[in-house]
Amino acid sequence: MIQKHIGFLCNVIAIGLFVPGILLSMFTLNMSMGVDLSGSSLSTELVSKDLSIIGTVQELWHQNRALVAFLIFAFSVLIPVVKTTLVCIVYFCKDQALAKRLIDFVASIGKWSMADVFVVAVFLAVLSTNHADTAEQHQIGFFGMSMAFELSTETLSNVGEGFYYFVGYCMLSLLGTHMLFSAVNKHVKTPASRVTESFTTEEKS
């Protein structure tokens, strides 16, 4: 039973990390362009964004990218909430048969319940663009004269607070769910075991 309580506690803490994980910035993205002309340099900022999961969903929705917005919302918000709700029901459920059915249902959507981890992987892939710069040499000519200049772009990305909260949620949720379901499965008797037990009781009587 201790394992069951610890598993539930891990899920409660995970929800506490989940809320700031989707509201706070997952990472910041900055893109700038610079021009170096005859020893003089000019630079301008093209993109500067603080991106959270909810903020990204809202931005995609306003840009009429409803399908992408829905998929991100479903994978990173809806499925974790549904999974955690079912875990809480299993913990407080006194009906062993119902608890077993809920466990089987969560197990059947196991691939989808890993979608929150997939979201973190996507953000990690985006962060791999950190310090990606490009530089190109160009020449312009006018009135028989030519002038060389260098055009460069730089992309910088940094991890935000929300990223660490969301990673913490994923790890604790996986650990807590595994511990809770393992503990419940030990105490939930399958129909086959009940039949076997009833036959044994009848033989003894």
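Going by C-beta contacts inside 10 Å, put His62, His178 in order with the fewest on the left. Each step should come with its number before you reach the end.
Values: His62 9, His178 13.
Listing His62, His178 from fewest to most nearby Cβ atoms yields His62, His178.
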Legend entry - Efficiency of FRET from Cβ geometry, Val12 and Asn158, R₀ 35 Å, rounded to 0.05: 0.70
Inset, instruction - Would you mind ranking Val12, Val90, Val167 so that the residue whose beta carbon has the fewest other beta carbons within 10 Å leads the list? - result: Val12, Val167, Val90
Legend entry - Val19-Ala74 pseudo-label distance in nm [points 7 Å out on the Cα-to-Cβ vector]: 2.7 nm
Inset, instruction - Arrange Lys83, Lys4, Lys94, Lys49 by Cβ neighbour counts within 10 Å, fewest through most, would you? - result: Lys94, Lys49, Lys4, Lys83
Legend entry - chymotrypsin sites (Phe, Trp or Tyr not before Pro) within the range 44-107: DSSP coil, no more than 15 neighbouring Cβ in 10 Å: none
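How much length is gained on full extension from Met1 to Ala107, taking 0.36 nm per residue of separation minus their Cα-Cα distance? Walk me through the numbers on the way to the answer.
Working: separation 106, 0.36 × 106 = 38.16 nm, distance 2.09 nm.
Value of the extension gain: 36.1 nm.
Any read-out appearing in this document is the output of simple, stated calculations on the displayed coordinates, not a laboratory observation. What you are looking at is a predicted structure, and each value in this text was computed from that prediction instead of being measured. Neighbour counts run over all protein chains shown; Cβ positions are idealised from the backbone, glycine included.
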